[in-house]
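The values are calculated or read from the model by the stated rules, or taken from the named source; none is laboratory data. These figures come from a predicted structure and were not determined experimentally. Positions of Cβ are backbone-derived with ideal geometry, glycine not excepted, and every protein chain shown enters the neighbour counts. Heads up: the accessible areas ignore ligands, DNA and RNA and are worked out on the full protein's heavy atoms, side chains in. Shrake-Rupley method; radii C 1.70, N 1.55, O 1.52, S 1.80 Å.
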Amino acid sequence: MMTTVVIQTIARVVVPFLQLFGLYIIVHGPVSPGGGFQGGVIVGASMILLALSYDLSSAETKVSHKVRIAMDSTGALLFAGIGLLCLLAGGVFLEYGIIPLPMVPAEVRGLMILLVGVAIGIHIMALAASLFLHLAEEHDT
Amino acid sequence: MILEFIAVNFPYLVSVSLLLVGLYAMIVRRNLIKKIMGLNILSTSVFLYLISVAYKEGGAPPIRVSEVEVYVNPLPHALVLTGIVVALALTSFALVLTIKIYKEYGTLDSDKLMDL
Amino acid sequence: MIRAKHVVPVLVLLGIGIILTMAVIDMPAFGDPEAPAHRHVAPRYIARAYEETGVPNMVTAVLADYRGYDTLGELTVIFAAGAAVLSLLVGRKLKEES
């Protein structure tokens, strides 16, 4: 892989802002364009930029294989867990309004939509980085 | 008449032509990677079609603002969001299978692969 | 240069293109507010999404609340795809190392 000092310096400056922007998009999903998928892909793309501008192993040390698998599973389990929480509260699967929190049902639903967005974001950011890193790793060997 | 039809329905016609480009790549190209590229172009055409269906003349983006009355249809947007991610998963899995095929047979030419 | 084996696919594609263009002619015009796609369930989402969920972004409300099953199923699909990729690429490597 070809890389130069210019690319590495720009990547080092850009990557934190990219990740911050991705997190901003995830948590602002309910009020502005964006959401878990879009923000998660942006955070994942920052790891891909790191892998392209430095090398695969430096991206691998930032988020290791085990961390990525854990994030992947955490996102999916969080979403399914919110659905099961509604079952426990006596409602239907994914019926957010039934969860007993000291708020108006509409606010509970809004909060759960935000949590689901965060769960999707965690899942997608791990998956996007994971797919690229493993495919590129296969090319190297 | 025809020009007016093209001008009004331009997004639909673009999505039809993108679909044809994707299908052409999938049918005629022999390299498996190019077939996957064709698949991606084809799925993009479907997303463009759904997004065009969602559009309403003079509609605002589907984010609630107090003074706006007419909004674009939000349902196809949610469906396309789902579709894009599934297309990503499909592409990555297809690429992995392509890598496996190349390691096993040493070629990506679909005609040669058929002869094996 | 026209190759003989490309003639049949191009003819088939032209046929598909003509059929799809005829379908576009029969469809409601682009941007028509009275099209059937805008009259089924979407008006309810637009009218009630904010008061029912407290979320201004209707796309997020539809994605995560009204059609939560859809999104959960889709998350399962990409989880399965990720697991398949990992098992095909990483599993063999771990086996060789051990």
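Before moving on, here are some points about what is shown:
- Condition check for B:Val8: exposed (fewer than 15 other Cβ atoms within 10 Å of the Cβ), within 28 Å of C:Met27 (Cα to Cα) and either hydroxyl-bearing (Ser, Thr, Tyr) or more than 10 Å from chain C (Cβ to nearest Cβ) (or both): no
- Filtered by the rule that a residue be facing chain B (nearest Cβ under 9 Å) and either within 16 Å of B:Gly59 (Cα to Cα) or not in a loop (DSSP other than H, G, I, E, B) (or both), the stretch C:9-28 gives C:Pro9, C:Val10, C:Val12, C:Leu13, C:Leu14, C:Ile16, C:Gly17, C:Leu20, C:Thr21, C:Ala23, C:Val24, C:Ile25.
- Of all residues in the stretch B:57-83, exactly one satisfies the criterion of being within 7 Å of chain C (Cβ to nearest Cβ), open to solvent by less than 30 Å² (accessible area, probe 1.4 Å) and touching a Gly at 6+ places or on another chain (Cβ under 6 Å), namely B:Tyr71.
- B:Val86 being surrounded by fewer than 19 Cβ atoms within 10 Å (Cβ to Cβ), free of Cβ contacts under 8 Å to residues at least 12 places away in the same chain, within 23 Å of A:Val41 (Cβ to Cβ) and among the β-branched types (Val, Ile, Thr): yes
- The set of residues in the stretch A:40-57 being free of Cβ contacts under 8 Å to residues at least 60 places away in the same chain and open to solvent by less than 30 Å² (accessible area, probe 1.4 Å) consists of A:Ser46, A:Leu50, A:Ser53.
- Qualifying residue in the stretch A:7-16 (condition: under 30 Å from B:Ala60 (Cβ atoms) and free of Cβ contacts under 8 Å to residues at least 60 places away in the same chain): no
- Every residue from the stretch C:29-83 that is facing another protein chain (nearest Cβ under 7 Å), over 20 Å from the mean Cα position of the chain (by Cα) and part of a helix (DSSP H, G or I): C:Ile46, C:Tyr50, C:Glu51, C:Glu52, C:Thr53
- Matching helices (runs of 4 or more DSSP H) fully within chain B where at least 3 residues are of a type in the set (Ser, Thr, Tyr): B:10-28, B:32-54, B:74-105
- Hey, A:Gly110 assigned to a helix (DSSP H, G or I), free of Cβ contacts under 8 Å to residues at least 40 places away in the same chain and touching a Pro at 6+ places or on another chain (Cβ under 7 Å) or not: no
- For C:Glu52: the one exception among (1) modelled with pLDDT of 90 or more; (2) open to solvent by 20 Å² or more (accessible area, probe 1.4 Å): (1)
- In the stretch B:89-116, of all residues being open to solvent by less than 70 Å² (accessible area, probe 1.4 Å) and of a type in the set (Ser, Thr, Tyr), the one that is nearest to the other protein chains (Cβ to nearest Cβ) corresponds to B:Ser92.
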